[in-house]
Amino acid sequence: MPAIETPGATESSSLATSHSGPESVAAISALRTATWPYHQRLEKRLDVKQRFSERRAYGAHLARMWGFCAGLERSIDPQCLRPALADYALRSKLALLEQDLCALGYSAGAIAQLPACPDFASCRETATAFGRLYVIEGATLGGRSLLPLVSRQLGCSAVSGAAFLASYGDEVQGMWQRFGAALDLWCVGAERIGLATAAAIATFEVLELWLCGERP
């Protein structure tokens, strides 16, 4: 996935999700605090230099990210987010990943055969959906920091092979701020914040297992 980047992170430690955007809202702060150990553990297990060392390894990484995002996005009933996150439909990552995989030589048939992560139960609870999305939306910030690396190492760009890392382009910060504001408006009170937090932690754990396998 793109980077799980924290303020001051370097290339070698920035492959999981960035949460360096504005975090004055209670829900965002609660999620960041609760997920920090899981975020750090995943970051330590990911080997950015190896995964981005050549186009084959990079393509294999993106294929796994496609599977993760497919499982996550398909698990969420869009109706549960309609009243809370008006631009949810614009936040899908699958088309970006498919664009990148095609640029890296994957055929449409090969992409269609990629496995989707099976570890997400169906979700119709809005706070839970926010918790799942927190992980992948945070990744859009860190992804931008990896663009120079894939450009230098692999010759990829936002229009050829690195659309997923580029994500929302110049709108990355704005999209993150709007996501945080929507999360804060919906996840008011201990119950909703608790649901979102539990979902975010579980999503980090699913991502770690999907990308890195069982912990030693």
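Observations on the structure shown:
- Against the empirical 2.2 N^0.38 Å (N residues), segment 74-216 has a Cα radius of gyration ratio of 1.11.
- Principal-axis tilt of helix 126-154 within the chain, Cα atoms, nearest 10 degrees: 30
- By the count of neighbouring beta-carbon atoms within 10 Å, fewest first, Leu85, Leu211 end up ordered Leu211, Leu85.
- Local electrostatic count, Thr203, Cβ distance below 13 Å [Lys/Arg +1, Asp/Glu -1]: -4
- Between Arg56 and Val159, the modelled labels are 3.0 nm apart [label points 7 Å from Cα along Cα→Cβ].
- Taking θ as phi - 60° and the Karplus parameters 6.51, -1.76 and 1.60, the scalar couplings of segment 178-191 work out to 5, 4, x, 5, 5, 4, 5, 5, 7, 8, 9, x, 4, 5 Hz in sequence order, x denoting glycine and proline.
- Residues Leu165, Leu195, sorted so that the one with the fewest Cβ neighbours within 10 Å comes first: Leu195, Leu165
- Fully extended contour minus Cα-Cα distance, from Ala26 to Ser107, at 0.36 nm per residue: 24.7 nm
- Loop-located GluC sites (Glu not before Pro) in segment 16-120 (DSSP state not H, G, I, E or B) with no more than 14 neighbouring Cβ atoms inside 10 Å: Glu54.
- Estimated FRET transfer efficiency (Ala95, Gln40; beta-carbon r; R0 25 Å; 0.05): 0.25
- Estimated dipole of the chain in Debye, rounded to 20 [Cβ of Lys and Arg +1, of Asp and Glu -1, Cα centre]: 300
- In loop segments of segment 60-146 as defined by DSSP, the trypsin sites (Lys or Arg not before Pro) with at most 14 further C-beta atoms inside 10 Å of their C-beta are Arg124.
- Phi angles of segment 92-107 translate, via the Karplus equation with coefficients 6.51, -1.76, 1.60 and θ = phi - 60°, into HN-Hα couplings of 5, 9, 5, 5, 5, 5, 5, 4, 5, 4, 4, 5, 8, x, 6, 7 Hz per residue; Gly and Pro are given as x.
- Ranking Leu154, Tyr168, Gly131 by how far each Cα lies toward the positive end of the dipole of segment 123-172 (charges on Cβ) leaves Leu154 at the top.
- Order of Ile76, Ile111 under a 10 Å beta carbon neighbour criterion, fewest first: Ile111, Ile76
Every read-out reported here was derived from the displayed coordinates using simple, explicitly stated rules and does not represent laboratory data. Just so we're clear, the structure is a prediction, and the values are computed from it rather than from any experiment. Every residue, glycine among them, receives a Cβ derived from its backbone with ideal geometry; neighbour counts consider all protein chains shown.
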